[in-house]
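Throughout, read-outs are computed from the coordinates displayed, never taken from laboratory work. Not measured: the values here are computed from a predicted model. When we count neighbours, we look across all protein chains shown, and the Cβ atoms used for this are built from the backbone with ideal geometry, even at glycine.
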Amino acid sequence: MSPAAGPAVELADTASRTARDHADVVDLDGGLAGEFATYGLGRRVPGVRVDREPDGRWTVRLRLVAKYGRPLPDIGDEVRARVGDALATEHLDAVVQVHVADIAPREGPTT
Amino acid sequence: MSDTSTTKTEKSSTSKSGGGASSGALAQLDTDQGVTSISEDVVSKIAGIAAREVEGVASLGGALSGALSAVVGRIRGDEHKTSGVGVEVGKRQAAVDLSMTIQYPASITDVTAAVRQNVIDRIEGMTSLEVVEVNIAVSDLAFPDGDDNNTGRVE
């Protein structure tokens, strides 16, 4: 909550935390080179991108690593709803786009 | 479901991805509240895990590619990558190509039938894409007694 961090990074923090709280979200995915992130002062939030639209609304894009098992659209819906709610409590009107970038097997290699 | 109809997967022409995403094609699943998109990599990983879940499947990939990818996989540190799995993903449909080695005494027909069923179930269950075909190439047999480097007749 450093005041200089700017709203985008704080928003990304909230979105990242909320998404990770979901039981079927293993991690967020920053892309091949880790380039998919929100950049702030001295730090970045991987796997989340936050953009401000011209009309003042925010667009939050998440790249998830989901757990193998449940239907991915359901997980996506739940994450989208939770992140939207979390941002709404901070009085931010945001469109949340969920992308499942990878999945993680339930436990170690099955071979 | 898995009948090889002529409906090939309609490639998603709208490849406006989730923003700088690495993998090419992705499935878009529209729901009431928005869009969830899924990487092609995810679909092939599901196919790979689903195939390995079936008893009698020794490994995915060809005989050579299995040994090679074991080495490469060890270097890159990814066990569950998608060697031996090819997928084509459209907006609503997916097609899967698998190549695998099968454990020796198992019935190839039974194992491949079970693999096909499980791959279809898992992909349709987890992504709600319709799987139009699952092609399986059995590239080798694996023998229970350890490493199969004694395949020759003479020692």
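At-a-glance table
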quantity	calculated
Residue count, the range B:111-139 (criterion: among the aliphatic types (A, V, I, L, M) and closer than 16 Å to B:VAL85 by Cα)	10
Scan of the range A:28-59 for residues that are of a type in the set (A, V, I, L, M) and more than 23 Å from A:ALA104 (Cα to Cα), ordered by number	A:LEU41, A:VAL50
Strands (runs of 3 or more DSSP E) (entirely within chain A) containing at least 2 residues that are within 11 Å of another protein chain (Cβ to nearest Cβ) and more than 19 Å from B:LYS45 (Cβ to Cβ)	A:48-52, A:58-67, A:94-104
Extreme residue, farthest from A:ALA19 (Cα to Cα), among residues of the range B:36-54 that are more than 7 Å from chain A (Cβ to nearest Cβ) and assigned to a helix (DSSP H, G or I)	B:ALA51
